[in-house]
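Below is one structure, written out as structure tokens, with a few remarks after it.
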Amino acid sequence: MDARHTPNWRRYPALYAALWKNSVVREMQFKTNFLLWIVVELLWFALQLAFMSVVYAHTDEIAGWTRWQVVLLVGCSNLVQQLFTAFFLSNLMEVSEHIRTGRLDFMLLLPVNTRFLVSMRKVDLGAFANAAAAAAVVGYALHRLGHRPSAAEWLGFGAMSLAGLAVHYSLMFLLSTVAFYTVRAQGIVFGYYNLFNIARIPDGAFPPGTFRRVFTFVLPMILVANVPARALLGTLQSAVPMALLAGMALALFAASEAFWRRALKHYAGAGS
């Protein structure tokens, strides 16, 4: 039922451009909501930065991270999170509704890869504005630190940010696919979204133990922002954290694809 026959991938850029156009039209129909959502997200980001300012009013560093290094970390975390929100969040939140209402049945009949369509139908344009604000904070933190990243550090930062984005996407896609068995999975998806806050905490602040292992090797929240930030700062002592994050991204994507295919194999339509 899935469009797993060989697709003509040359059509997909044009298809995605059309989806972008539809997203712009949809957003512009509700301009006030669009602007208010940007403001709310910016206020939440500012609150995170204010919290760090309060903490650093009482200490000079946390687990080896100085104030402006942590500001950069928070900026990296928010950048990855907002890019995830821009491209994927609203789509994955709707997977259970597609299954419950039967819209997925229609998508499965289209001559397009169904995972692509489910994952990328909508684009949250407001999140790009918030991602730009996060990037500006990263730039300002670098200025305050007096650090000018080399080309290799920028390349490492970009690659690791994409790996962190892939981790978020793969994990939430996998959790959204649980809706094939539970019909509704919004609670699970929202629960995962709340774990994003772990990503803005310095990795050294987590003591060795079960919590650190789980959020490194199962739900790698500790990696998704810390590794890109360290790559940009040039404080990685080896390539192991980068290899670990890249490996986790690939493994989680493969796991989400396997679970998706298994769920589709046992899916018989909305009326089943």
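Scan (1) farther than 23 Å from Ala205 by Cβ; (2) in contact (Cβ under 8 Å) with a residue 40 or more places away in the chain for the single condition Arg262 breaks and write down its number. The one condition Arg262 does not meet is (2). With respect to the conditions (1) within 15 Å of the chain's Cα centre (by Cα); (2) within 30 Å of Ala258 (Cβ to Cβ); (3) not charged (D, E, K, R), Asn130 falls short on a single one, namely (2).
For the range 192-230, a tally of residues being more than 18 Å from Trp65 (Cβ to Cβ), in a helix (DSSP H, G or I) and within 14 Å of the chain's Cα centre (by Cα) returns 5. The combined condition, being buried (at least 20 other Cβ atoms within 10 Å of the Cβ), closer than 21 Å to Phe253 by Cβ and within 16 Å of the chain's Cα centre (by Cα), is fulfilled by Val123.
Can you find, within the range 253-272, the residue that is farthest from Leu104 (Cα to Cα) among those that are modelled with pLDDT under 95, surrounded by 12 or more Cβ atoms within 10 Å (Cβ to Cβ) and aliphatic (A, V, I, L, M)? My answer is Ala263.
Table: residues versus (1) under 19 Å from Trp20 (Cα atoms); (2) without any contact (Cβ under 8 Å) to a residue 24 or more places away in the chain.
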residue	(1), (2)
Gln81	no, no
Lys122	yes, no
Asn130	yes, no
Ala135	no, no
Gly139	no, yes
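All told, Gly64 meets the bar of being loosely packed, with under 14 Cβ neighbours inside 10 Å and closer than 25 Å to Ala231 by Cα. Restricting attention to the range 223-252, the residues that are over 16 Å from Ala166 (Cβ atoms), crowded, with 18+ Cβ neighbours inside 10 Å and aliphatic (A, V, I, L, M) total 4.
The values are calculated or read from the model by the stated rules, or taken from the named source; none is laboratory data. These numbers were taken from a predicted model, which means no experiment stands behind them. Please note: Cβ atoms are built from the backbone with ideal geometry, for glycine as well, and neighbour counts cover all protein chains shown.
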